[in-house]
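**Q** For reference, the structure I am asking about is given below.
The numbers here are math on the coordinates, done by the rules we state, and not lab data. Given the structure is predicted, the values throughout are model-derived calculations rather than measurements. Positions of Cβ are generated from backbone atoms using ideal geometry, with glycine treated the same way; all protein chains shown enter the neighbour counts.
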């Protein structure tokens with residue numbers, strides 16, 4: 001006990017003597033509160049964004065969120081961080097920030113914007129139908145969320161437009177694979193790819209060629225009746241098209257282009273296809 005008391009006295013002496021030898025300077029607190037600091041950081045982020053200084057914008061919006069995470073400015077700052085990354089074309093960082101936003105602020109009223117920006121971040125990474133499907137699939141998923149859950153939002157129209165473009169890309173992917181299998185003379189996989197276009201992408205620009213390829217492949221492998229069914233399907237829907245002419249020439253080498261007839265009560269491709277096959 002005595003040793004402890006001596007140590008205490010010695011320690012106290014060091015503190016007192018130290019204070020006596022060196023003047024301690026106390027820095028006065030700035031005359032501002034956390035809320036005003038946060039707003040200042042947020043506004044500095046907006047200024048940096050206007051000046052195309054995207055990384056400074058990211059830094060300032062991050063500061064604003066950290067300074068007062070319970071305020072209404074925190075989720076706004078998180079979204080602006082994601083947006084700054086997006087315009088800087090750093091899409092992986094954009095996606096990370098948006099996923100964090102959705103987890104951190106699950107009840108925020110700007111979730112629709114987060115989903116829309118996620119769709120855009122993946123959409124911007126789409127190269128063509130021959131590359132990785134992940135950006136295509138993910139962008140489709142998030143745009144579909146906008147259509148299904150926020151149909152009246154300001155992002156719905158653009159999401160629907162981009163979904164149509166994505167559908168064309170996915171159909172192009174099937175066409176590319178179908179042609180690849182034809183070159184390798186793998187007829188069954190090729191047929192399956194072209195049937196996928198008829199079943200899932202019958203409103204794209206590739207459907208005419210897909211039907212023609214089915215005519216062509218079935219004729220080549222000796223399934224003449226199947227080939228004729230698809231030729232009839234093509235003629236019923238696209239009698240004036242170039243792919244119909246090419247299909248018709250498979251059966252008639254001396255083919256001459258017939259007069260165009262307008263079909264009444266025209267069925268959809270899938271309905272017509274089913275009625276021909278069944």
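**Q** Where q = 0.11, 0.25, 0.26 Å⁻¹, what log10 of I(q)/I(0) comes from the Debye formula for the stretch 173-255, counting one point per Cα?
**A** Evaluating at q = 0.11, 0.25, 0.26 Å⁻¹ gives log10 I(q)/I(0) of -0.25, -1.27, -1.34.
**Q** For the stretch 92-199, just say rounded, prolate or oblate: build the C-alpha gyration tensor, square-root its eigenvalues into a ≥ b ≥ c, call rounded for a/c under 1.5, and beyond that prolate if a/b exceeds b/c, oblate if not.
**A** Prolate.
**Q** Where in the stretch 54-78 is the amide nitrogen less than 16 Å from a point lying 7 Å along the Cα-to-Cβ axis of residue 104?
**A** 57-78
**Q** By the gyration tensor of its Cα atoms, with a ≥ b ≥ c the square roots of the eigenvalues, what is the shape of the stretch 117-256: rounded for a/c under 1.5, prolate for a/b over b/c, or oblate?
**A** Since a/c reaches 1.5 and a/b is larger than b/c, the shape of the stretch 117-256 is classed as prolate.
**Q** Based on the Cβ-Cβ distance from residue 223 to residue 72, what FRET efficiency comes out when R0 is 41 Å, to the nearest 0.05?
**A** About 0.05, to the nearest 0.05.
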